[in-house]
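The values are calculated or read from the model by the stated rules, or taken from the named source; none is laboratory data. Everything quoted here is computed from the prediction, not taken from an experiment. As a convention, Cβ positions derive from the backbone with ideal geometry for all residues, glycine included, and neighbour counts pool all protein chains shown. Areas reflect the complete protein model, heavy atoms only, side chains present, ligands, DNA and RNA absent. Shrake-Rupley method; radii C 1.70, N 1.55, O 1.52, S 1.80 Å.
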2 protein chains.
Amino acid sequence: MLENVRIVLVNTTLPANIGAAARAMKTMGITDLCLVDPKIFPSAEATSLASGASDVLAKARIVATLEEAVADCSLVIGTSARSRTIPWPLMDARQAGEAVLAESSSQKVAIVFGREDRGLTNEELQRCNYHVCIPTDEEYGVLNVAAAVQVLAYEVRMAHLVAAEQPVPEENRMPVQFLNWDQEVVPHGDMERFYDHFESMLLETGFLTEDNPRQLMARARRLFGRVRLDRIEYNMWRGIFTRLQEIAAELKKAKS
Amino acid sequence: MLENVRIVLVNTTLPANIGAAARAMKTMGITDLCLVDPKIFPSAEATSLASGASDVLAKARIVATLEEAVADCSLVIGTSARSRTIPWPLMDARQAGEAVLAESSSQKVAIVFGREDRGLTNEELQRCNYHVCIPTDEEYGVLNVAAAVQVLAYEVRMAHLVAAEQPVPEENRMPVQFLNWDQEVVPHGDMERFYDHFESMLLETGFLTEDNPRQLMARARRLFGRVRLDRIEYNMWRGIFTRLQEIAAELKKAKS
């Protein structure tokens, strides 16, 4: 299905952005790139920024107009930074991913990105079925074009994975969240002292030897990191460790 | 809540990536950046790539170790390209956004990004409560670090917007999708001919004058772009336009 998804970059000025966009596409499994009248292409800088995705650049199609770029597409979605003279059907990036997924099972789809400085013209936007808006900060909404490609390509891939039911395994998914908890979760600085204390105690009680201490502490970090401790639990454990150290010290004294 | 979200970049080599990461953060409303032992910082290149987000760089905190960067955080999520020696609780980017949102209402949260070439070390990853994996193409999974920051910052913002119930208005949301449709959706090349035909017909029948043709055709594009036409509907309309043109021609002939 991702083969039916095309990324169209209109009038891109900086070769670096073309390269970074190609890389962003390929990381998400999209490889059909069409450049509408790019300022400079091909370019060594684009190839450099594309990193391992230079094959996407090599087979990119270069055309003169947006019409040519999307002539064979049944769904064309244009990226837009909100309000235009005439309001247009607007999707957010997540919906765009879902719409692209649904359509690309049978027909070609294009997502169109505009110029670095002024995006797409009104005329170009009117050639799109839908507009998509990535929700940005109210005061600073200037997404880099390759970053916008990354977000939309990511949403297309996510829609694809969700549809294919390939999410992360359920048992690994849910973090223990502390909503409406009465105690604060202990911050990491304290937890470092906790692990130091835990390790000291294990050494002093003779459980831990110098042989393979690493793996055990890693597993302890995984366990306590996953469950996370609130302040009362933390204090309880620290108290236990202290008591165990005292016992170890007493034993050592008794033996000597 | 976004004030409690920190982006931590560990040992970043390229100043351009630090700048691009700062921009990516700020577009999503996140401004707390912490750099662990960056190779070169500050740098003119970072500032240039940060574009309007140089304030994020200006107030970035620089520390020597990951421990310092996250000491005051109750939840630390490390970016990882999957399998490590010990499996760790793994979230996808969407879940990470939700977890960050839930936690950041009351406590500090960090998302940690590793080196360009080798990511985070096992030791650094073991200092994280959870790992997050952005699902990439099986054969090409090399996300640029600023692109990874963009995706995760975007997911944090989306979780925030969804929780605040600020999605795109419902009436603009649903595209007409053609799942299980018997006819193909007409591609854009044909639709351009449709609009040309429509406009010619309107001119010939005297409905459209030279005064303000733009706005009307824009509205026609919006309407047909939104609903989209299948092949039978398309042919029907083309037939209607042709018939209306014939009538206009006959009328002109009769009048002359």
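Output the number of residues of the range A:118-135 satisfying the condition of being within 8 Å of chain B (Cβ to nearest Cβ), open to solvent by 30 Å² or more (accessible area, probe 1.4 Å) and not basic (Lys, Arg).
Adding up the residues that qualify gives 2.
Looking at the range A:141-154, is at least one residue assigned by TED's automatic domain parsing to the domain that holds A:Lys39 and surrounded by fewer than 19 Cβ atoms within 10 Å (Cβ to Cβ)? Quick ask: steps written out before the conclusion?
The first filter runs over the range A:141-154 and keeps only residues assigned by TED's automatic domain parsing to the domain that holds A:Lys39, leaving A:141-154.
Still in the running and surrounded by fewer than 19 Cβ atoms within 10 Å (Cβ to Cβ): A:141-142.
Yes.
What tally of residues in the range B:185-211 results from selecting those that are in a helix (DSSP H, G or I) and either closer than 29 Å to A:Ile111 by Cα or among the small types (Gly, Ala, Ser) (or both)?
The total comes to 13.
One residue is enough: does the range A:45-56 have a residue meeting the conditions of a type in the set (D, E, K, R), more than 19 Å from B:Val151 (Cα to Cα), over 25 Å from the mean Cα position of the chain (by Cα) and not in a loop (DSSP other than H, G, I, E, B)?
No, the range A:45-56 contains no residue that is of a type in the set (D, E, K, R), more than 19 Å from B:Val151 (Cα to Cα), over 25 Å from the mean Cα position of the chain (by Cα) and not in a loop (DSSP other than H, G, I, E, B).
Considering only residues that are more than 23 Å from the chain's Cα centre (by Cα) and open to solvent by 10 Å² or more (accessible area, probe 1.4 Å), look in the range A:67-81 and name the one that is nearest to the other protein chains (Cβ to nearest Cβ). Step through it out loud before you land on a result.
Going through the range A:67-81, the residues more than 23 Å from the chain's Cα centre (by Cα) turn out to be A:67-76.
Subsequent filtering for residues that are open to solvent by 10 Å² or more (accessible area, probe 1.4 Å) retains A:67-68, A:71-72.
Values: A:Glu67: 6, A:Glu68: 8, A:Ala71: 3, A:Asp72: 5 Å.
Here the residue is A:Ala71.
How about the range B:27-44: which of its residues are open to solvent by 40 Å² or more (accessible area, probe 1.4 Å) and outside any loop (DSSP other than H, G, I, E, B)?
Residue satisfying the conditions is B:Ala44 alone.
Could you tell me whether the range A:162-177 includes any residue that is among the aliphatic types (A, V, I, L, M), outside any loop (DSSP other than H, G, I, E, B) and modelled with pLDDT of 90 or more?
No, the range A:162-177 has no match at all.
Of the conditions (1) open to solvent by 50 Å² or more (accessible area, probe 1.4 Å); (2) within 19 Å of A:Pro187 (Cβ to Cβ), A:Phe224 fails just one. Which one is it?
A:Phe224 satisfies all of (1) open to solvent by 50 Å² or more (accessible area, probe 1.4 Å); (2) within 19 Å of A:Pro187 (Cβ to Cβ) except (1).
Just give me the residues in the range A:108-117 being buried (at least 20 other Cβ atoms within 10 Å of the Cβ) and assigned to a loop (DSSP other than H, G, I, E, B), in sequence order.
Within the range A:108-117, A:Lys108, A:Gly114 meet the criteria.
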